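Novice: Here you go, one structure.
The values are calculated or read from the model by the stated rules, or taken from the named source; none is laboratory data. Since this is a predicted model, take the numbers as computed values, not measurements. No Cβ is skipped: glycine too gets one built from the backbone with ideal geometry, and neighbour counts run over all protein chains shown.
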Amino acid sequence: MSSCDDILEEDISSAKIQGIYPRDNDTVYGNTVNFSWEYINDTDDYRVQVFDENQTYILDSLVNSINFTYSLNPGSYKWRVRGENFAYYSPYSLPLKFTVTPSDDLNTQTVIQHTPSNGHFFNTTDITFTWGDLPAVDYYELEISRINNGETTEYQESNIENTSLTIDESVINEEGKYTWKVRGVNETSGTVFSERDFYIDTSSPSAPLLSSPDDQETFEVLNPTVIFNWQTVNNNSNYQSAVSYLIEVSSQENFSNIIFSEDTQNTSIQFEFDDPGDYYWRVFSYDLAGNDGGYSIRRTFTIEE
(Lines give C-alpha, C1' and ligand atoms only; values in the text may rest on other atoms or scores of the structure.)
Protein backbone atom coordinates (compact mmCIF):
# COMPACT_ATOMS: atom_id res chain seq x y z
CA MET A 1 0.00 0.00 0.00
CA SER A 2 1.36 3.40 -0.94
CA SER A 3 0.96 6.50 1.18
CA CYS A 4 0.54 10.16 0.34
CA ASP A 5 4.20 10.67 1.24
CA ASP A 6 5.16 8.57 -1.79
CA ILE A 7 3.75 11.13 -4.19
CA LEU A 8 4.58 14.35 -2.31
CA GLU A 9 7.31 16.51 -3.79
CA GLU A 10 9.83 18.41 -1.70
CA ASP A 11 9.13 22.13 -1.49
CA ILE A 12 11.91 23.92 -3.40
CA SER A 13 10.18 27.30 -3.53
CA SER A 14 12.82 28.87 -1.26
CA ALA A 15 15.85 27.13 -2.81
CA LYS A 16 18.52 29.35 -4.31
CA ILE A 17 20.15 28.70 -7.67
CA GLN A 18 23.04 30.46 -9.34
CA GLY A 19 24.18 30.54 -12.94
CA ILE A 20 27.78 29.50 -13.53
CA TYR A 21 28.41 30.18 -17.22
CA PRO A 22 28.20 32.51 -19.02
CA ARG A 23 29.10 34.79 -16.12
CA ASP A 24 27.90 38.35 -15.92
CA ASN A 25 29.40 40.48 -18.72
CA ASP A 26 31.12 37.48 -20.34
CA THR A 27 31.90 37.47 -24.06
CA VAL A 28 31.24 34.24 -25.98
CA TYR A 29 33.22 33.94 -29.21
CA GLY A 30 31.37 32.09 -31.95
CA ASN A 31 27.69 31.19 -31.84
CA THR A 32 27.64 28.19 -29.48
CA VAL A 33 26.86 28.98 -25.84
CA ASN A 34 27.36 26.32 -23.17
CA PHE A 35 25.11 27.29 -20.25
CA SER A 36 25.76 25.76 -16.82
CA TRP A 37 24.35 26.30 -13.32
CA GLU A 38 24.33 24.94 -9.77
CA TYR A 39 22.51 21.75 -8.80
CA ILE A 40 19.47 21.95 -6.50
CA ASN A 41 18.37 18.97 -4.40
CA ASP A 42 14.91 17.52 -5.13
CA THR A 43 14.74 19.18 -8.56
CA ASP A 44 13.47 17.19 -11.54
CA ASP A 45 14.17 19.76 -14.29
CA TYR A 46 15.56 23.21 -14.89
CA ARG A 47 13.96 25.97 -16.91
CA VAL A 48 16.46 28.07 -18.87
CA GLN A 49 15.41 31.42 -20.29
CA VAL A 50 17.40 33.68 -22.61
CA PHE A 51 16.22 37.10 -23.74
CA ASP A 52 17.78 39.79 -25.89
CA GLU A 53 18.48 43.44 -25.15
CA ASN A 54 14.86 44.30 -26.04
CA GLN A 55 13.65 41.88 -23.36
CA THR A 56 12.29 39.55 -26.05
CA TYR A 57 12.49 35.88 -25.08
CA ILE A 58 14.79 33.95 -27.37
CA LEU A 59 14.66 30.69 -25.43
CA ASP A 60 12.42 29.11 -22.78
CA SER A 61 13.46 25.49 -22.43
CA LEU A 62 13.05 22.74 -19.83
CA VAL A 63 16.11 20.50 -19.42
CA ASN A 64 16.95 17.67 -17.00
CA SER A 65 20.65 18.39 -16.45
CA ILE A 66 22.75 21.26 -15.09
CA ASN A 67 24.13 22.28 -18.48
CA PHE A 68 22.64 23.11 -21.84
CA THR A 69 24.09 24.09 -25.22
CA TYR A 70 22.35 26.52 -27.54
CA SER A 71 23.33 28.48 -30.64
CA LEU A 72 22.77 32.23 -30.76
CA ASN A 73 23.36 34.95 -33.34
CA PRO A 74 25.80 37.77 -32.49
CA GLY A 75 24.30 40.22 -30.01
CA SER A 76 23.72 41.05 -26.36
CA TYR A 77 21.69 38.74 -24.13
CA LYS A 78 20.65 37.95 -20.57
CA TRP A 79 19.92 34.51 -19.15
CA ARG A 80 18.47 32.97 -16.01
CA VAL A 81 17.49 29.55 -14.70
CA ARG A 82 15.24 28.00 -12.05
CA GLY A 83 14.63 24.50 -10.68
CA GLU A 84 11.29 22.71 -11.01
CA ASN A 85 9.64 19.55 -9.77
CA PHE A 86 6.08 18.30 -10.16
CA ALA A 87 4.65 20.59 -7.48
CA TYR A 88 7.09 23.45 -6.90
CA TYR A 89 9.65 25.67 -8.56
CA SER A 90 12.49 27.76 -7.19
CA PRO A 91 12.98 31.49 -7.76
CA TYR A 92 14.95 32.35 -10.89
CA SER A 93 18.65 33.04 -10.59
CA LEU A 94 19.80 36.62 -11.00
CA PRO A 95 19.90 37.51 -14.73
CA LEU A 96 23.41 37.41 -16.17
CA LYS A 97 24.43 39.55 -19.15
CA PHE A 98 26.64 38.21 -21.92
CA THR A 99 27.61 39.03 -25.48
CA VAL A 100 27.95 36.72 -28.45
CA THR A 101 30.71 37.87 -30.84
CA PRO A 102 31.55 36.38 -34.26
CA SER A 103 34.70 34.29 -34.56
CA ASP A 104 36.67 33.00 -37.55
CA ASP A 105 37.25 29.71 -35.74
CA LEU A 106 34.37 27.45 -36.80
CA ASN A 107 35.49 24.37 -34.85
CA THR A 108 33.38 25.23 -31.81
CA GLN A 109 30.44 26.73 -33.70
CA THR A 110 27.17 25.28 -34.97
CA VAL A 111 25.06 25.84 -38.06
CA ILE A 112 21.47 26.47 -36.96
CA GLN A 113 19.06 24.42 -39.07
CA HIS A 114 15.74 26.07 -39.88
CA THR A 115 13.61 23.84 -42.12
CA PRO A 116 12.54 21.11 -42.25
CA SER A 117 12.09 20.72 -38.51
CA ASN A 118 13.18 17.55 -36.77
CA GLY A 119 10.75 14.67 -37.38
CA HIS A 120 8.81 16.48 -40.13
CA PHE A 121 6.69 14.34 -42.50
CA PHE A 122 6.48 15.06 -46.24
CA ASN A 123 4.27 13.54 -48.93
CA THR A 124 6.54 14.94 -51.63
CA THR A 125 10.23 14.63 -52.43
CA ASP A 126 10.53 18.24 -53.57
CA ILE A 127 12.04 19.65 -50.39
CA THR A 128 13.80 22.91 -49.57
CA PHE A 129 16.40 22.83 -46.79
CA THR A 130 17.25 26.10 -45.02
CA TRP A 131 19.67 27.11 -42.28
CA GLY A 132 21.10 30.20 -40.61
CA ASP A 133 24.15 32.06 -41.87
CA LEU A 134 27.46 32.08 -40.02
CA PRO A 135 29.57 35.20 -40.69
CA ALA A 136 32.91 33.36 -40.94
CA VAL A 137 31.72 30.64 -43.34
CA ASP A 138 33.01 30.54 -46.93
CA TYR A 139 30.65 27.76 -48.05
CA TYR A 140 28.36 25.04 -46.71
CA GLU A 141 28.22 21.28 -47.20
CA LEU A 142 24.95 19.32 -47.12
CA GLU A 143 24.36 15.58 -46.89
CA ILE A 144 21.14 13.56 -47.05
CA SER A 145 21.15 9.96 -45.80
CA ARG A 146 18.50 7.27 -45.62
CA ILE A 147 18.12 5.45 -42.31
CA ASN A 148 17.28 1.78 -42.93
CA ASN A 149 19.22 -0.80 -40.90
CA GLY A 150 22.12 1.60 -41.04
CA GLU A 151 22.78 4.87 -42.81
CA THR A 152 23.13 5.21 -46.58
CA THR A 153 24.21 8.52 -48.11
CA GLU A 154 21.77 9.51 -50.86
CA TYR A 155 23.03 12.97 -51.73
CA GLN A 156 26.03 15.25 -51.09
CA GLU A 157 26.56 18.85 -52.12
CA SER A 158 29.55 21.09 -51.38
CA ASN A 159 30.50 24.69 -52.09
CA ILE A 160 26.98 25.93 -51.31
CA GLU A 161 27.23 29.71 -50.96
CA ASN A 162 23.58 30.27 -50.02
CA THR A 163 21.71 29.18 -46.89
CA SER A 164 19.14 27.05 -48.72
CA LEU A 165 19.02 24.16 -51.16
CA THR A 166 16.08 22.53 -52.95
CA ILE A 167 16.03 18.89 -54.07
CA ASP A 168 13.53 17.01 -56.26
CA GLU A 169 12.43 13.42 -56.86
CA SER A 170 15.69 12.65 -58.68
CA VAL A 171 17.42 12.74 -55.28
CA ILE A 172 14.85 10.90 -53.13
CA ASN A 173 12.21 8.64 -54.68
CA GLU A 174 11.31 6.24 -51.83
CA GLU A 175 9.36 6.42 -48.62
CA GLY A 176 11.50 6.24 -45.53
CA LYS A 177 13.31 7.94 -42.70
CA TYR A 178 16.06 10.35 -43.72
CA THR A 179 18.65 12.56 -42.06
CA TRP A 180 19.82 15.90 -43.38
CA LYS A 181 23.12 17.36 -42.24
CA VAL A 182 24.77 20.69 -42.89
CA ARG A 183 28.05 22.27 -41.83
CA GLY A 184 30.01 25.44 -42.53
CA VAL A 185 33.59 25.58 -43.80
CA ASN A 186 36.25 28.25 -44.25
CA GLU A 187 39.94 28.12 -45.14
CA THR A 188 41.14 27.12 -41.67
CA SER A 189 38.25 25.39 -39.90
CA GLY A 190 34.81 23.83 -40.13
CA THR A 191 31.82 23.27 -37.90
CA VAL A 192 30.59 19.83 -37.01
CA PHE A 193 27.55 18.66 -38.95
CA SER A 194 24.20 19.75 -37.55
CA GLU A 195 21.59 17.10 -38.26
CA ARG A 196 17.85 16.47 -38.20
CA ASP A 197 15.57 13.63 -39.25
CA PHE A 198 12.63 13.82 -41.64
CA TYR A 199 10.23 11.30 -43.19
CA ILE A 200 8.81 10.69 -46.64
CA ASP A 201 5.30 9.21 -46.49
CA THR A 202 3.35 9.17 -49.76
CA SER A 203 0.83 6.47 -48.76
CA SER A 204 -2.73 7.57 -48.09
CA PRO A 205 -4.62 6.28 -45.06
CA SER A 206 -7.86 4.38 -45.56
CA ALA A 207 -11.23 6.10 -45.50
CA PRO A 208 -12.89 5.84 -42.07
CA LEU A 209 -15.48 3.17 -41.23
CA LEU A 210 -18.40 4.59 -39.26
CA SER A 211 -19.58 2.81 -36.10
CA SER A 212 -22.42 4.75 -34.58
CA PRO A 213 -25.01 6.13 -34.83
CA ASP A 214 -26.42 3.56 -37.23
CA ASP A 215 -27.82 4.67 -40.55
CA GLN A 216 -31.38 6.03 -40.14
CA GLU A 217 -31.19 5.87 -36.34
CA THR A 218 -33.65 8.04 -34.43
CA PHE A 219 -33.06 10.21 -31.35
CA GLU A 220 -35.58 11.98 -29.17
CA VAL A 221 -35.45 15.74 -28.88
CA LEU A 222 -35.53 15.36 -25.08
CA ASN A 223 -32.01 13.88 -25.35
CA PRO A 224 -30.51 15.77 -28.30
CA THR A 225 -26.82 14.92 -27.67
CA VAL A 226 -25.52 12.50 -30.27
CA ILE A 227 -22.21 10.66 -29.82
CA PHE A 228 -20.45 9.90 -33.10
CA ASN A 229 -18.00 6.98 -33.27
CA TRP A 230 -15.83 5.56 -36.02
CA GLN A 231 -13.03 3.03 -36.30
CA THR A 232 -9.35 3.89 -36.02
CA VAL A 233 -7.66 4.30 -39.38
CA ASN A 234 -4.12 3.01 -39.75
CA ASN A 235 -1.64 4.65 -42.06
CA ASN A 236 -0.59 2.27 -44.84
CA SER A 237 3.00 3.52 -44.83
CA ASN A 238 5.87 1.74 -43.08
CA TYR A 239 6.75 5.17 -41.68
CA GLN A 240 3.35 6.05 -40.31
CA SER A 241 2.47 9.66 -39.78
CA ALA A 242 -0.36 10.36 -37.35
CA VAL A 243 -3.88 10.16 -38.78
CA SER A 244 -6.43 12.87 -38.03
CA TYR A 245 -10.12 13.13 -38.83
CA LEU A 246 -12.60 15.75 -39.96
CA ILE A 247 -16.19 15.06 -38.97
CA GLU A 248 -18.97 16.92 -40.77
CA VAL A 249 -22.67 17.03 -39.89
CA SER A 250 -25.14 18.62 -42.28
CA SER A 251 -28.83 19.25 -42.60
CA GLN A 252 -28.51 18.68 -46.36
CA GLU A 253 -27.78 15.40 -48.10
CA ASN A 254 -25.16 17.06 -50.32
CA PHE A 255 -23.50 18.72 -47.28
CA SER A 256 -24.15 22.20 -48.65
CA ASN A 257 -25.13 23.36 -45.15
CA ILE A 258 -22.59 22.19 -42.56
CA ILE A 259 -23.91 22.73 -39.04
CA PHE A 260 -21.00 21.05 -37.23
CA SER A 261 -17.43 20.42 -38.31
CA GLU A 262 -14.35 19.61 -36.25
CA ASP A 263 -10.82 18.23 -36.72
CA THR A 264 -9.72 15.66 -34.16
CA GLN A 265 -7.30 12.78 -33.60
CA ASN A 266 -9.93 10.97 -31.53
CA THR A 267 -12.44 8.48 -32.93
CA SER A 268 -15.38 9.78 -30.93
CA ILE A 269 -17.02 13.15 -30.58
CA GLN A 270 -20.40 14.46 -29.43
CA PHE A 271 -22.68 17.29 -30.49
CA GLU A 272 -25.89 18.69 -29.01
CA PHE A 273 -28.62 19.48 -31.53
CA ASP A 274 -30.99 22.40 -31.08
CA ASP A 275 -33.53 21.57 -33.75
CA PRO A 276 -35.40 18.40 -34.76
CA GLY A 277 -35.01 17.10 -38.30
CA ASP A 278 -33.04 14.80 -40.55
CA TYR A 279 -29.25 15.05 -40.48
CA TYR A 280 -26.31 13.55 -42.35
CA TRP A 281 -22.80 12.81 -41.15
CA ARG A 282 -19.49 11.65 -42.55
CA VAL A 283 -15.81 11.52 -41.55
CA PHE A 284 -12.72 12.38 -43.59
CA SER A 285 -9.24 11.02 -42.82
CA TYR A 286 -5.83 12.57 -43.51
CA ASP A 287 -2.34 12.11 -42.13
CA LEU A 288 0.41 14.38 -40.84
CA ALA A 289 2.28 14.17 -44.13
CA GLY A 290 -0.73 15.65 -45.96
CA ASN A 291 -2.05 12.46 -47.59
CA ASP A 292 -5.85 12.29 -47.85
CA GLY A 293 -7.73 9.08 -47.05
CA GLY A 294 -11.06 10.34 -48.31
CA TYR A 295 -14.56 10.41 -46.89
CA SER A 296 -16.42 7.59 -45.22
CA ILE A 297 -19.82 6.58 -46.48
CA ARG A 298 -22.63 8.99 -45.56
CA ARG A 299 -25.12 8.12 -42.84
CA THR A 300 -28.35 9.78 -41.84
CA PHE A 301 -30.17 10.08 -38.51
CA THR A 302 -33.23 11.87 -37.22
CA ILE A 303 -33.89 14.07 -34.20
CA GLU A 304 -37.60 13.66 -33.50
CA GLU A 305 -39.84 16.40 -32.14
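Novice: Given the options ASP138, ASP197, ASP215, name the one that is at pLDDT 95 or above, out of contact with any Lys or Arg (no Cβ under 9 Å at 6 or more places or on another chain) and of a type in the set (Asp, Glu). Step through it out loud before you land on a result.
Specialist: Numbers: ASP197 fails: out of contact with any Lys or Arg (no Cβ under 9 Å at 6 or more places or on another chain); ASP215 fails: out of contact with any Lys or Arg (no Cβ under 9 Å at 6 or more places or on another chain).
Exactly one of ASP138, ASP197, ASP215 is at pLDDT 95 or above, out of contact with any Lys or Arg (no Cβ under 9 Å at 6 or more places or on another chain) and of a type in the set (Asp, Glu), namely ASP138.
Novice: Right, THR179: within 30 Å of ASP104 (Cα to Cα), in contact (Cβ under 8 Å) with a residue 12 or more places away in the chain, within 21 Å of the chain's Cα centre (by Cα) and surrounded by fewer than 19 Cβ atoms within 10 Å (Cβ to Cβ) or not? Talk me through it step by step, then tell me what you get.
Specialist: Working: within 30 Å of ASP104 (Cα to Cα): yes; in contact (Cβ under 8 Å) with a residue 12 or more places away in the chain: yes; within 21 Å of the chain's Cα centre (by Cα): yes; surrounded by fewer than 19 Cβ atoms within 10 Å (Cβ to Cβ): yes.
It is true that THR179 is within 30 Å of ASP104 (Cα to Cα), in contact (Cβ under 8 Å) with a residue 12 or more places away in the chain, within 21 Å of the chain's Cα centre (by Cα) and surrounded by fewer than 19 Cβ atoms within 10 Å (Cβ to Cβ).
Novice: With GLU174, GLU143 as the choices, which residue is outside the structural domain of TRP281 (by TED's automatic domain parsing), among the acidic types (Asp, Glu) and at pLDDT 95 or above? Step through it out loud before you land on a result.
Specialist: Values: GLU174 fails: at pLDDT 95 or above.
One residue alone meets the criteria, GLU143.
Novice: While we're looking at this one, here's another question. Condition check: modelled with pLDDT of 95 or more, assigned to a strand (DSSP E or B), at negative phi and surrounded by 12 or more Cβ atoms within 10 Å (Cβ to Cβ). Does GLU154 satisfy that?
Specialist: Numbers: modelled with pLDDT of 95 or more: no; assigned to a strand (DSSP E or B): yes; at negative phi: yes; surrounded by 12 or more Cβ atoms within 10 Å (Cβ to Cβ): yes.
In short, no.
Here is a yes/no grid of residues against (1) within 28 Å of TYR178 (Cβ to Cβ); (2) surrounded by fewer than 17 Cβ atoms within 10 Å (Cβ to Cβ); (3) not small (Gly, Ala, Ser):
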{"residue": "ALA242", "(1), (2), (3)": "yes, yes, no"}
{"residue": "GLN252", "(1), (2), (3)": "no, yes, yes"}
{"residue": "ILE269", "(1), (2), (3)": "no, no, yes"}
{"residue": "PHE273", "(1), (2), (3)": "no, no, yes"}
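Novice: Right, here's the next one. Every residue in region 281-305 that is farther than 17 Å from LEU222 by Cβ, aromatic (Phe, Trp, Tyr) and crowded, with 18+ Cβ neighbours inside 10 Å, please.
Specialist: TRP281, PHE284, TYR286
Novice: In addition: I'm trying to understand the selection: among the residues of region 141-156, which are charged (D, E, K, R) and out of contact with any Lys or Arg (no Cβ under 8 Å at 6 or more places or on another chain)? Walk me through how you get there before you give the answer.
Specialist: Start the filter on region 141-156 by keeping residues that are charged (D, E, K, R), which leaves 141, 143, 146, 151, 154.
Scanning region 141-156 gives a single hit, GLU151.
Novice: Okay, next question. Please name all residue pairs, on different chains or six or more residues apart, with Cβ atoms under 9 Å, provided the first residue is in region 253-268 and is closer than 16 Å to GLY293 by Cα and the second residue is part of a loop (DSSP other than H, G, I, E, B).
Specialist: GLN265/ALA242; THR267/PRO208; THR267/GLN231; THR267/THR232; THR267/VAL233
Novice: Checking ARG196 against (1) of a type outside the set (Asp, Glu); (2) in the same structural domain as THR125 (by TED's automatic domain parsing); (3) out of contact with any Pro (no Cβ under 8 Å at 6 or more places or on another chain); (4) surrounded by 12 or more Cβ atoms within 10 Å (Cβ to Cβ), only one condition comes out false. Which one?
Specialist: (3)
Novice: Could we say that THR166 is in a strand (DSSP E or B), free of Cβ contacts under 8 Å to residues at least 12 places away in the same chain and out of contact with any His (no Cβ under 7 Å at 6 or more places or on another chain) here? Outline the logic, then answer.
Specialist: Working: in a strand (DSSP E or B): yes; free of Cβ contacts under 8 Å to residues at least 12 places away in the same chain: no; out of contact with any His (no Cβ under 7 Å at 6 or more places or on another chain): yes.
Answer is no for this residue.
Novice: For region 73-99, what are the residues that are among the aliphatic types (A, V, I, L, M) and either assigned to a loop (DSSP other than H, G, I, E, B) or surrounded by fewer than 20 Cβ atoms within 10 Å (Cβ to Cβ) (or both)?
Specialist: Step one: list which residues in region 73-99 are among the aliphatic types (A, V, I, L, M), which gives 81, 87, 94, 96.
Passing the criteria: ALA87, LEU94.
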